[in-house]
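Below is one structure, written out as structure tokens, with a few remarks after it.
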Protein chains: 2
Amino acid sequence: MAKAPTGPVPVVVMGLGFIGQEIARAALASSEVELIGAVDTHASLAGRPLSDVLGQPAAKLKVSDSLEKALGRRKGGVLLHATGSRLPHIMDQLLEALKLGVPVVSTCEELAFPFLKHPELAEKLDQAAQEAGVAVLGTGVNPGFLMDRLVATVGQACGPVRKVAVTRVVDARTRREALQRKVGAGLSEEEFFELVDKEQLGHVGLLESAALCALGLGLDCDDYEEEVAPVFAEEDISGGAFPVRQGRVAGMFQSVVGFEEGQERVRLELTIAVGAEDPKDRIEIDADPRLVVEIPGGVAGDRATAHTLVNAAPRLTAAEAGLLTVLELPAGR
Amino acid sequence: MAKAPTGPVPVVVMGLGFIGQEIARAALASSEVELIGAVDTHASLAGRPLSDVLGQPAAKLKVSDSLEKALGRRKGGVLLHATGSRLPHIMDQLLEALKLGVPVVSTCEELAFPFLKHPELAEKLDQAAQEAGVAVLGTGVNPGFLMDRLVATVGQACGPVRKVAVTRVVDARTRREALQRKVGAGLSEEEFFELVDKEQLGHVGLLESAALCALGLGLDCDDYEEEVAPVFAEEDISGGAFPVRQGRVAGMFQSVVGFEEGQERVRLELTIAVGAEDPKDRIEIDADPRLVVEIPGGVAGDRATAHTLVNAAPRLTAAEAGLLTVLELPAGR
């Protein structure tokens, strides 16, 4: 059996945006970690009591402007990192943590499987992590859980996999306003595609999930096709952060399909739209035996993401050094 | 990233009962393992071509009467073991394999979490495995996947868990006759409880799943209560291996409830009966966020068990030495 850690693992949260705050709350609620610091360089946050930022008691912690200050003299700390989706933008932060010998769990979607889009950065991180003797991991719900880790786990009960399809339908009204805007709710079709072209609209991480999914199921995809399309409001939709009129964009449909020698092997489909009907997550593995897994209502993205980071922290301290993926994490907490 | 094995992992199947045969078939279908031998000491099997036993081509293998013969000169083999549910009955086989330096994945239900019922045997196995520098693991669908490993994986997306309930409903008509008889189909109530008292009826491994489930979710159960009860046929039931008349036993309901200081924390409920309605598997984690996972129709027990063993084999060769549980296995194949 794996040895249980002797006490709560000290953790520091970096990035106090919406998700970072959720992570701080999840860390405060967990008996397996101890929140010892928070980092945000934004002028409106640095120096403030964390309890003010979170709107709840937070062990008298103040927001620091550097990881080193947040760690203080505590040893064995893990960084819970939530400052960005794109790996090139956060490389310096990751490398700084590794230089301090601190393991990192990050929400960075591109870090979940950086070997396709950023092989050189992946190599650099892996080396830095190995030199520091600690692990680096990108996780969350999507990527990190629903469309990859969970699929791979379920796939262990199947024989050779012919094809896998994962669909996730989210009613964006259950999510924060920023996410409703991020998926294009309220836009015209033209505005939607302008933002897609500028890479300001669309979910980051679906390709990473597809690659992890393939790897976890023993599929050898050699090509991936990605698509983003608007979902239109079929009637006026209320109940969200703002009303969406009939005919306007209600949200987005995004898919990644992975092929092996021209044959479809992996299909991930994500719909996030205000008023989306029958929200749920569904995994269908075409194998012997065929397996379907459903999560009625779907996994609550933001809070669940926060918990995946917090729950990964104690496991990471026991993991081998280097750049890991969620496929390497053990099943338990 | 974990290093991919350089080629298929050689495996030997021991025990050519129904499940052992399924394991052999699953191994033959997998590109990640290579079936190099089969062992069964039963006089009707030893020496026969494996293809005869399986009713399909089987790489010209013959059934051996010892593991040593089945391994021959091949190095790096893993034993896929399927000879019994009770740990004391199979200890010698496990110790023999460890003495030969062979890692073991077994269907033995009590091996999935032997620390409660057989702490001394667990200690002995752990020591022997560590001395041999290889891993030993008990797995399957139940225990090993549905009510423990999968639950722990899903639980990583949740905050502190208040309670978990897992229900599995199997229509025994979809399973082999031996299983239909094993759950009491066709018996009277009196005959049912006679067999329960003799430990000849009931599912072995539910307590083990409950303990794994608790451990994987960070719950600290100090007491478990187990119950077995008959399910009666409400009308004549056909379509099984034999008809079951109204009023006779159709199968069994079995539950284990885990408590922490008198508070219910874990509830596992298993119904296996001919004609059971709405067969499915369901996990409900009471936490923040609350998570429900459903497998409509349920996981096909026998075949899925075979695949969990085959899929665990390559992972086991890379695992640390000792007695492991499925909670330590990584998510991927």
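Any read-out appearing in this document is the output of simple, stated calculations on the displayed coordinates, not a laboratory observation. The model shown is predicted, which means the values in this text are computed figures rather than measured ones. Cβ atoms come from the backbone with ideal geometry, glycine included; neighbour counts cover every protein chain shown.
What's the average, rounded to a whole number, of partner chain beta-carbon atoms within 10 Å of each residue's beta-carbon in B:319-331? Numbers along the way, then the final one.
Working: counts 1, 1, 0, 2, 1, 3, 5, 4, 6, 5, 5, 14, 19.
Mean shielding by partner chains, rounded to a whole number: 5.
Mean partner shielding of peptide A:37-43, defined as the number of other chain Cβ atoms within 10 Å of each residue Cβ, is 0. Across the stretch B:149-298, Cα pairs under 8 Å and at least six residues apart give a relative contact order of 37 percent.
Normalised by the empirical 2.2 N^0.38 Å for globular proteins, what value does the Cα Rg of the stretch A:115-200 take?
Details: Rg = 18.4 Å, N = 86, 2.2 N^0.38 = 12.0 Å.
The reported ratio for this selection is 1.54.
Applying the Karplus relation 6.51 cos²θ - 1.76 cosθ + 1.60 with θ = phi - 60° to the stretch B:47-56 yields 3J(HN,Hα) values of x, 7, x, 4, 4, 5, 5, 7, x, 7 Hz, where x marks Gly and Pro. Specify the inter-centroid distance of the stretch B:40-109 and the stretch A:235-299, based on alpha-carbon positions, in whole Å. After rounding, the separation between the Cα centres reads 45 Å. Distance distribution P(r), the stretch B:75-169, all Cα-Cα pairs, bin width 10 angstrom from 0: 15, 42, 27, 14, 1 percent.
Using +1 at the C-beta of Lys and Arg and -1 at the C-beta of Asp and Glu, which of A:11, A:85, A:72 has the Cα lying farthest in the positive direction of the dipole of chain A? Of the options given, the answer is A:72. Charged side chains reduced to their Cβ positions (Lys and Arg at +1, Asp and Glu at -1) give chain B a dipole of some 1820 debye around its Cα centre.
Report the net charge of residues surrounding residue A:34, where surrounding means a beta-carbon distance below 15 angstrom and charges are Lys +1, Arg +1, Asp -1, Glu -1. Provide the component values of the computation, followed by the final result.
On the way: positive: A:25, A:60, A:73, A:74, A:75; negative: A:32.
Within the 15 Å Cβ shell, the charges total +4.
Averaged over peptide B:289-301, how many Cβ atoms belonging to another chain are found within 10 Å of each residue's Cβ?
6
Put simply, the amide H of residue A:35, placed in the peptide plane, has neighbours under 5 Å in A:11, leaving out anything fewer than 5 places away on its chain.
How large is the helix-only mean residue ellipticity at 222 nm for chain B, computed as the sum of -39500 (n - 2.57) over DSSP H runs with n ≥ 4, divided by its residue count, in deg cm²/dmol to the nearest 500?
On the way: 10 runs with 100 residues, N = 333.
Result for chain B, helices only: -9000 deg cm²/dmol.
Put simply, the amide H of residue B:135, placed in the peptide plane, has neighbours under 5 Å in B:104, B:322, leaving out anything fewer than 5 places away on its chain. Can you say what percent of the DSSP beta bridges in the protein assembly as shown, counting only those with both residues inside, are antiparallel? Round to 5. About 55 percent, rounded to the nearest 5.
Taking only the alpha-carbon positions of chain A and ignoring solvent, what does the Debye formula give for the base-10 log of I(q)/I(0) at q = 0.09 Å⁻¹? Values returned for q = 0.09 Å⁻¹ are -0.48.
Here residue A:182 is the anchor, and the lysines within straight C-alpha reach of less than 19 Å, apart from those fewer than 8 places off in the same chain, are A:198.
For residue B:124, the lysines whose Cα falls under 16 Å of its own Cα, not counting residues fewer than eight places away in the same chain, are B:99.
Viscosity 1.567 mPa s, temperature 4 °C: give me the Stokes-Einstein translational D for the stretch B:229-280 in µm²/s, with Rh taken as the Kirkwood radius over C-alpha pairs.
On the way: Rh = 12.5 Å.
Once the numbers are plugged in, D ends up at 104 µm²/s.
Here, the stretch B:149-298 yields an orientationally averaged convex hull projection of 8.9 nm² when only Cα atoms define the hull.
With a sphere of radius 11 Å drawn around the Cβ of residue B:282, what net charge do the other residues whose Cβ falls strictly inside it have (Lys, Arg +1; Asp, Glu -1)? Overall, the nearby charge balance is -4. Under 10 Å, Cα contacts only: if you run a Gaussian network model on chain B, which one of B:240, B:322, B:262 comes out with the highest mean-square fluctuation? So, out of B:240, B:322, B:262, the one fluctuating most is B:262.
Taking the charge dipole of the protein assembly as shown about its Cα centre, with +1 at Lys and Arg Cβ atoms and -1 at Asp and Glu Cβ atoms, the residue from B:207, A:204, A:41 reaching farthest to the positive side is A:41. Counting beta carbons within 10 Å around each of B:150, B:54 and listing the fewest first gives the order B:54, B:150.
Distances between equivalent label points of residue B:75 across the copies, with each point positioned 7 Å along Cα→Cβ, amount to 3.9 nm, shortest listed first.
Place a +1 charge on the Cβ of each Lys and Arg in the protein assembly as shown and a -1 charge on the Cβ of each Asp and Glu, then give the dipole magnitude about the Cα centre in debye, rounded to the nearest 20. Present the calculation step by step, with values, prior to reporting the outcome.
On the way: 66 positive and 96 negative charges, 250 e Å.
It works out to roughly 1200 debye.
Look at the alpha carbon pairs under 8 Å that are at least 6 residues apart: their mean separation over the length of chain B gives a relative contact order of 21 percent.
Derived scalar couplings between HN and Hα for the stretch A:136-145 equal 10, 8, x, 8, x, 8, 7, x, x, 9 Hz in order, rounded to whole Hz, by the Karplus curve 6.51 cos²θ - 1.76 cosθ + 1.60 (θ = phi - 60°), x for Gly and Pro.
Counting from the shortest, the label point at residue A:245, 7 Å from Cα toward Cβ, is 7.4 nm from the same position in each remaining copy. Overall, the stretch A:149-298 carries a charge dipole of about 720 debye about its Cα centre when +1 sits on the Cβ of Lys and Arg and -1 on the Cβ of Asp and Glu, all other atoms neutral.
Here the alpha carbons of the protein assembly as shown define both size measures, Rg and Dmax, at 25.7, 80 Å. Backbone geometry of the stretch A:102-119 corresponds, through the Karplus equation with coefficients 6.51, -1.76 and 1.60 at θ = phi - 60°, to 3J(HN,Hα) couplings of 9, x, 10, 10, 10, 7, 3, 4, 6, 6, 4, 7, x, 6, 7, 7, 9, x Hz, x marking Gly and Pro.
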